[in-house]
Amino acid sequence: MKEHEMMTHDHMDQMDMAHGDHMNMNDMDMGDGHMMHMGNLKRKFWVSLILTIPIILMSPMMGVTLPFQLTFPGSDWVVAILGTILFIYGGAPFFSGAKAELQMKQPAMMTLITMGVGVAYIYSIYAVIANDLFHVTPMVNNFFWELSTLIVIMLLGHWIEMNTVMNAGSAVDALGKLLPQTAHVVDDAGTTHDVSLNDLQVGQTVVVRAGEQIPADATIVTGTSAVNESLVTGEAAAVKKVTGDQVIGGSVNGTGTFTAKVTGTGDSGYLAQVMDLIQNAKNAKSTSENLADRVAGWLFYAALFVGILAFLIWLTVANLAVALPVAVAVFVIACPHALGLAVPLVVARSTALAAQNGLLIRNRNAMEDVKHLKFALMDKTGTLTMGHFQVNHLISLDQDYSEETILRLLASLESGSSHPLATGILSAAKAQQITYTAATDTHQETGMGQFGTIDGVTYGVVAVSYLEQHHLTYDQAQFKTLAAEGNSLSYLVTGDRVLGLVAEGDQIKPNAQHLVSELKRQGITPVMLTGDNQETANKVAHAVGIEDVQARLLPEDKERLVQQYQASGKVLFIGDGVNDAPSLARADIGMAIGSGTDVAIESADIILVASDPADVIQFLDLARATTRKMTENLWWGAGYNLIAIPLAAGILAPIGFMLDPMVGAVIMSLSTVIVAINAMTLKLKPVK
């Protein structure tokens, strides 16, 4: 969470997600908007496979009759009929995708595939007519064997890709199944009764008993417990929850019983937001995927150019019987099996690993920017520190106000806030059994503090920057002494009078120092940007090993500094996602660290569900591994074509070598298998 000087004290309402008509989990984009349903693709594969079997049995492979093949009078026409059905039925999704690409004047993957199978089919029909009707000599070899296997392999590849992408969200999907069917609602009379989860509303109070699933996002009102959030955060250990803590719907309650006020249900709940997050991440294309499409477009033009050029050259030096098969071989071999799967399979695997480890990726391009990172700018409270404040010092600065009165007024002003500093004040008031009423007419001054009316008098709980800006006198030596102890200081004011101060302490997170040291090891400069006072900032920075510290910053100051650092290199910004939203959006990679509904998912590229600094390193490691796998697969996919196309065109014919199209098809299939296996070997090693 943000420091007091930056916090506007009006706890941001939970952001609503735009729940439009998203692509169904069973749908897949086959090319520039053409959608293929999972069931349709699966059915097309099996039907195409059934059609392929007799084609393989009756059709010679590049004119070579294999021992298991069966031929009889008219078998060529049977193959032609089956091949035509397969071409039209199995190739339909690729043709539709190619049409969309060509309409946009951007030939890419689907166009390249369509060219390969289209040329193979047309040439094969020509071969059957030439051989069986006109009895040409020598016989023309058809490509039905290659055509059928190409279509089946491509359908299988896309089926695997779709299935893998669907499974990417399985860890999150499982959370939705954990939600109970009913919730125990406490009415105004204090009576508990069960209501359907669909009827549960924000603001209602629910009872969660030991061992039950928590029905919705909520804030604990009474009671304590330990909650298992493993499917949400990736942490197996139960998390202690006390009054004021938030719990996430779908988590499993431990041995305690508590009552909680519902803060999110249905589409506004955290699980629903996460589901949208995963869905949107899967739908969006990364830079590498767009690169794969561009490479496919280049290969389309290259194959078209090389094929036509080879045809003309061979027509000149030989004859049509030689030139036509060579050109056809170039077009068929260019079919991009491996290239089409190179990036999507890696992305699918990476998304699955990320979701299983509490890393929610909104912007895939962020992963590819990691290799260029120069700076990691980070907030202090809630990022490097726990964000759980306790009152260490409460001092009256006006003889007319006792310390008890100061605490009562502070609690009244903070009663509607869930900011960590406010929570610390409210906890102190509760511990001292001080009664208070909520202030009225509350309002904020961004980065300065919160104001409200109590018993007809306007009070404010403000940062030291407010005092300086309004030229109010305060004990600077006292301030420095308390701040040097690691405290965040807030002052109670009314008009031009400074009534008292409260000093609250926070604890550094266990993995904060490891995060900083690992960033340095990777050549990334860590920088602390905080709205807290300089003394407290220096103390925390020294403890975790950060040398570059910028303190007493307003939200707009942080955004400005992000831009300044960007002038020297790529910037990662790590914050709590609330008041850091401008900086999260401005940075090359915005990373919101924090759990539950506190995360402002609209502004960040990456969401770390658990508030563990070590997860930053997990993401950096996963991003680098993912980028490496993408690069390897792109080389496998494109590299094959770069070699096979010239060979098929006969570039080595002067030394007696011509690439058999069938050999090219086999190599193409092997490259697809290699790409798939390489993607599946992507692992995420635990942070030491």
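The values are calculated or read from the model by the stated rules, or taken from the named source; none is laboratory data. Everything quoted here is computed from the prediction, not taken from an experiment. We place every Cβ from the backbone using ideal geometry, glycine too, and count neighbours over all the protein chains shown. Side chains are part of the model used for accessible areas, which takes the heavy atoms of the whole protein and leaves out ligands, DNA and RNA. Shrake-Rupley method; radii C 1.70, N 1.55, O 1.52, S 1.80 Å.
Quick rundown of the values:
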item	result
Residue check, Thr597 touching a helix residue (DSSP H, G or I) at 6+ places or on another chain (Cβ under 9 Å), modelled with pLDDT under 85 and of a type in the set (Val, Ile, Thr)	yes
Within the range 352-420, strands (runs of 3 or more DSSP E) holding 2 or more residues that are polar (S, T, N, Q)	390-396
Conditions (1) within 28 Å of the chain's Cα centre (by Cα); (2) polar (S, T, N, Q); (3) at pLDDT below 95; number of the one not met by Thr525	(3)
Residue match in the range 304-316 (condition: hydroxyl-bearing (Ser, Thr, Tyr), outside the structural domain of Arg560 (by the TED database) and assigned to a helix (DSSP H, G or I))	yes
Number of the exception - Asn228 against (1) under 31 Å from the mean Cα position of the chain (by Cα); (2) at pLDDT 80 or above; (3) of a type in the set (S, T, N, Q)	(2)
Within the range 469-501, tally of residues that are in a strand (DSSP E or B), in contact with a Gly (Cβ under 8 Å, 6 or more places away or on another chain) and buried (at least 18 other Cβ atoms within 10 Å of the Cβ)	6
Residues that are open to solvent by 20 Å² or more (accessible area, probe 1.4 Å), touching a Gly at 6+ places or on another chain (Cβ under 9 Å) and farther than 24 Å from Leu553 by Cα, drawn from the range 417-453	Leu426, Ser427, Ala438, Thr440, Asp441
Identity of the residue in the range 85-123, within 14 Å of Phe331 (Cβ to Cβ) and either among the small types (Gly, Ala, Ser) or outside the structural domain of Ser48 (by the TED database) (or both), that ends up farthest from the chain's Cα centre (by Cα)	Ala120
Any chance Ser196 is modelled with pLDDT of 85 or more, out of contact with any Pro (no Cβ under 9 Å at 6 or more places or on another chain), open to solvent by 40 Å² or more (accessible area, probe 1.4 Å) and among the hydroxyl-bearing types (Ser, Thr, Tyr)	yes
Candidates Val391, Val343, filtered to the one that is on the phi < 0 side of the Ramachandran plot and surrounded by fewer than 24 Cβ atoms within 10 Å (Cβ to Cβ)	Val391
Residue within the range 599-614 that is part of a helix (DSSP H, G or I) and touching a Leu at 6+ places or on another chain (Cβ under 6 Å) present	no
